[in-house]
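Here the structure comes first, spelled out in structure tokens, and everything after it is commentary.
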Amino acid sequence: MSERVHFLTLEGRQKLEKELEFLRTVRRAQVAANLKAAVEGGDLTENSGYEESKREQAFVEGRIRDVEAILATAQVLTNQSNHNQVTLGAHITVAEEGGDPETYQLVGRAEADPSRGRISNESPLGHALLGRQIGDKVRVNTPGGVVCFEIISIK
């Protein structure tokens with residue numbers, strides 16, 4: 001089975017690399033120390049500190065595997081000079097009918113954070129915008145119904 005490509009900005013790749021380094025060097029050591037202290041606490045059958053330390057260890061190791069997998073299949077987005085068409089990495093200003101313009105950056109799913117204006121190319125809006133041009137209107141199915149957006153600018 002082939003791995004899915006994870007599209008990342010350069011900033012996103014660097015952030016994940018730093019997180020991975022932190023998890024491997026600092027967080028793993030913290031969890032190991034907590035686990036050791038819990039084991040030294042005696043009877044493990046009713047030791048909530050031990051159980052919590054094991055859960056934390058599983059979480060940290062799982063996150064390490066997730067980040068490693070993302071980085072192994074990462075494709076860094078380059079700055080495109082084509083501002084005529086929506087591509088990954090582009091900053092797109094759209095306006096909902098009757099609403100104020102909003103600007104989003106189109107990124108891969110690993111970096112998506114709508115609260116920071118970063119939407120995934122796999123989201124309904126991101127998918128609808130890909131390949132479109134300034135002035136195009138896109139219709140997006142949302143939980144609240146169909147919403148129409150007009151593309152105001154692409155940077």
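The values are calculated or read from the model by the stated rules, or taken from the named source; none is laboratory data. Since this is a predicted model, take the numbers as computed values, not measurements. All Cβ positions, even for glycine, are placed from backbone atoms using ideal geometry, and neighbour counts span all protein chains on display.
Of all residues in the stretch 17-39, at least one satisfies being over 30 Å from Gly135 (Cα atoms), under 14 Å from the mean Cα position of the chain (by Cα) and either modelled with pLDDT of 95 or more or assigned by TED's automatic domain parsing to the domain that holds Lys137 (or both).
Condition check ((1) among the β-branched types (Val, Ile, Thr); (2) under 12 Å from Arg13 (Cα atoms); (3) touching a Pro at 6+ places or on another chain (Cβ under 7 Å); (4) at pLDDT below 95) across all residues:
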{"residue": "Ala72", "(1), (2), (3), (4)": "no, yes, no, no"}
{"residue": "Val76", "(1), (2), (3), (4)": "yes, yes, no, yes"}
{"residue": "Asn79", "(1), (2), (3), (4)": "no, no, no, yes"}
{"residue": "Asn82", "(1), (2), (3), (4)": "no, no, no, yes"}
{"residue": "Thr87", "(1), (2), (3), (4)": "yes, no, no, yes"}
{"residue": "Ile92", "(1), (2), (3), (4)": "yes, no, no, no"}
{"residue": "Gly98", "(1), (2), (3), (4)": "no, no, no, yes"}
{"residue": "Tyr104", "(1), (2), (3), (4)": "no, no, no, no"}
{"residue": "Arg109", "(1), (2), (3), (4)": "no, no, no, yes"}
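So which residues in the stretch 104-124 are touching a residue at least 40 places away in the same chain (Cβ under 8 Å) and part of a loop (DSSP other than H, G, I, E, B)? Of everything in the stretch 104-124, those that are touching a residue at least 40 places away in the same chain (Cβ under 8 Å) and part of a loop (DSSP other than H, G, I, E, B) turn out to be Gly108, Asn121. Listed by first and then second residue, the pairs linking a residue in the stretch 52-77 that is of a type in the set (Lys, Arg) to a residue that is assigned to a helix (DSSP H, G or I), with Cβ atoms under 9 Å apart and 6 or more places separating them unless they lie on different chains, are Lys54/Leu35; Lys54/Ala38; Arg63/Glu19; Arg63/Leu20; Arg63/Leu23; Arg63/Arg27. Kindly provide the set of residues from the stretch 139-155 that are under 20 Å from Val107 (Cβ atoms) and free of Cβ contacts under 8 Å to residues at least 24 places away in the same chain, ordered by number. Residues satisfying the conditions are Val140, Thr142. Check off (1) over 24 Å from His6 (Cα atoms); (2) assigned by TED's automatic domain parsing to the domain that holds Lys36 for Ile134 and give me the number that stays unchecked. Checking Ile134 against (1) over 24 Å from His6 (Cα atoms); (2) assigned by TED's automatic domain parsing to the domain that holds Lys36, the one that fails is (2).
Filtering the stretch 125-155 to residues that are in a helix (DSSP H, G or I) and surrounded by fewer than 16 Cβ atoms within 10 Å (Cβ to Cβ) leaves only His127.
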